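Undergrad: Take a look at the following structure, please.
Read-outs throughout are calculated quantities, based only on the coordinates presented, and are distinct from any laboratory measurement. Bear in mind the structure is a predicted one, so any value in this text is a computation, not a measurement. Cβ placement follows ideal geometry from the backbone for every residue including glycine, while neighbour counts extend to all protein chains displayed.
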Amino acid sequence: MLLALAVIASGIALRQTDRVHFARNLPSAADAAELIALQRARANNVTPLLLLTGQWVQIAGWWMLAAHGPLLAAAAAVGIAVHFRHLQEISHFAVHGVLARTRRANELLAEVFAHHPLALGPVAGRRRRHVRDHHPNATLTGDPNLAELHQADLRPGTTGLRYAAALLHPLTSRGIRTTTYGLAASLRGPGAWHRAAAPAAVGLTAYLAGGWPALLCGALLPRLLLYPQLAWTSLLVEHTWFDPEQRTGTPAQIEAGRCLRLYPRNRALKAIAATTWLPYGDLHHYAHSAHPSVRWNYLPALEGRLAPPHFTPDGLLIGTVTVVRRHHRALNPTSPTTQPVSV
C-alpha cells in the first residue's frame, strides 16, 4: 500500500511542473490580450507532457491501491473516474491549440494520453464538433451539445422521473447503451487496430497492477459509468441551455447571456468542483467561451476583468438558486411545481 501511495504522490508532483511554470507571477486580473501574450511566451511541449504523464502515474497508483480491499477498490473507481475527467478536459485545451506549443504537439499529446486510451475517437473529429460546431452556436440550433441533451430527453415537457433520469443519463440503461455505441464507433475506421489496442493495453496494465479489482473498479467501472456521469454533469452546468438570453456585442457580452458561473460565493464547493468534476478551467467555462484561446491557468485572471454572466447559481442540486431548478423551469415554463429562479 505504501508503494501505491508513493506512486500517487509522484504523479501529483509531476503534474505540478506545468502549473508552476504557467502560474508564476500571474496577475490577479488581466485582459485576454495580455494573458495570451503571457501564455505564448511560456508555451512549451515539455510541461504538458509531464502533466499528462503525472495523470497516468496517479492512475497506476490507484490501480495498485485497488488490490488492497473492497473499500480501496471503490475509492480507486472514483479517483480514476476523476482522472479520466481531467484527461478529457486537458485534451479539450489541446483541441483549442493551447495545451502545448505547436499544433502537432497538441494533437499528439491529446491522442496518446487521452483519446486513444479512453477511446474518445479522433482528435480532428472532436475539433470540428467542438470548435467549429459548438462554440459559435452554443445553445442554438446546430449546437451538437444541445442536440445531445435533447436526445437524452432534456426537452420541453420533460418532468418528474423522466427529468431525473435525464440528469443521470449515463447511469441509465439508455445512457450505458449510448456510451457503449460511442466506444464501438471510436474503434472503427482508419487506424482501428491501434485505437483498439490502446484501451486494451489500459485494461491489461490495470490487471497487472492490481488484479481483477483494478480491472473492474479501476478501468471498466470508471470508463463505462462514473466518468461519463461526471462529464455529463459538467455539460449541464456550462450553459443556460434551454433559456439563454440572446445578446449582441462583444464575445464576452454574447456569452454572458448564455453561460453561467457555478459557486460564485462558496469557496469550499468551488475548490471541490475545480479538483474533481470541473477541472482545468471548466468551472470558468464562461471566461473560456468568451476567449477560447486562453489556457486554463489564466481563466481566473481573465474572469476578474469580465462582467459576470446573467446566471450565477448557488449549486447544481442544492441551494436557493440551482442549475437543475432553472433547467426544469425552462423546459416546463407553465408547470405548477416549478419554483421561480432568481438571476
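Undergrad: Which of 55, 94, 108 sits farthest toward the positive end of the charge dipole of the chain, with +1 on the Cβ of Lys and Arg and -1 on the Cβ of Asp and Glu?
TA: Positive-end residue among those listed: 108.
Undergrad: How many nm is it between the label spots at residue 12 and residue 250, if each spot is 7 Å from the Cα in line with the beta carbon?
TA: Label-label distance for residue 12 and residue 250, simple model: 3.9 nm.
Undergrad: Where in the stretch 122-218 are there trypsin sites (Lys or Arg not before Pro) that are in a DSSP coil and have at most 16 other Cβ atoms within 10 angstrom of their Cβ?
TA: Sparse-neighbourhood loop trypsin sites (Lys or Arg not before Pro): 188.
Undergrad: Is the C-alpha gyration tensor of the stretch 148-223 telling us rounded, prolate or oblate? Criteria: a/c under 1.5 is rounded; beyond that, a/b larger than b/c is prolate, otherwise oblate.
TA: oblate
Undergrad: Taking only DSSP H segments of four or more residues, each worth -39500 (n - 2.57), what value at 222 nm results for the chain once the sum is divided by all its residues, to the nearest 500 deg cm²/dmol?
TA: Taking each H run of at least 4 residues, the total per residue is -17500 deg cm²/dmol.
Undergrad: What percent does the relative contact order of the stretch 2-245 come to when contacts are Cα pairs within less than 8 Å and at least six residues apart?
TA: Rounded, it is 24 percent for the stretch 2-245.
Undergrad: Work out from phi, with θ = phi - 60° and the Karplus expression 6.51 cos²θ - 1.76 cosθ + 1.60, the ³J(HN,Hα) of each residue of the stretch 326-334, listed in order in whole Hz, and give x for Gly and Pro.
TA: With the stated coefficients, the stretch 326-334 comes to 5, 4, 4, 5, 5, 7, 9, x, 10 Hz.
Undergrad: Next question. What ranking do 176, 36, 59 get, fewest neighbouring Cβ atoms within 10 angstrom at the top?
TA: The fewest-first ordering by Cβ neighbours comes to 176, 36, 59.
Undergrad: Further question: At a threshold of 8 angstrom on Cα-Cα distance, excluding pairs fewer than six apart, so keeping six or more, what relative contact order does the stretch 189-307 reach in percent?
TA: RCO, the stretch 189-307: 17 percent.
Undergrad: Report, by chain and number, residues whose modeled amide H sits under 5 Å from the one on residue 311, excluding near sequence neighbours (fewer than 5 apart, same chain).
TA: Placed amide hydrogens put 261 under 5 Å from residue 311.
Undergrad: Next question. Under 5 Å between amide H atoms, partner at least 5 residues away or on a different chain: which partners does residue 100 have, H built in plane at 1.01 Å?
TA: Close amide H contacts, sequence-distant or interchain: 106.
Undergrad: Ok, one more. Give me a comma-separated list of calculated 3J(HN,Hα) values for the stretch 306-314, in order, Karplus coefficients 6.51, -1.76, 1.60 applied at θ = phi - 60°, integers in Hz, x for any Gly or Pro.
TA: Here the 3J(HN,Hα) series is 9, 5, x, x, 6, 10, 10, x, 6 Hz.
Undergrad: How fast does the stretch 2-245 diffuse by Stokes-Einstein, in µm²/s, taking the Kirkwood radius from C-alpha pairs at 4 °C and 1.567 mPa s?
TA: Estimated diffusion coefficient is 67 µm²/s.
Undergrad: Still on this model: Hey, in the GNM for the chain with a 10 angstrom Cα cutoff, which one of 203, 11, 182 fluctuates hardest?
TA: 182
Undergrad: Here's a follow-up. Taking 7 Å along the Cα-to-C-beta vector as the label spot, tell me the residue 20-residue 267 distance in nanometres, rounded to one decimal.
TA: It is 2.4 nm.
Undergrad: Something else: I need the calculated FRET efficiency for the pair residue 74 and residue 172, taking r as the beta carbon distance and R₀ as 30 Å, to the nearest 0.05.
TA: After rounding to 0.05, the efficiency reads 0.90.
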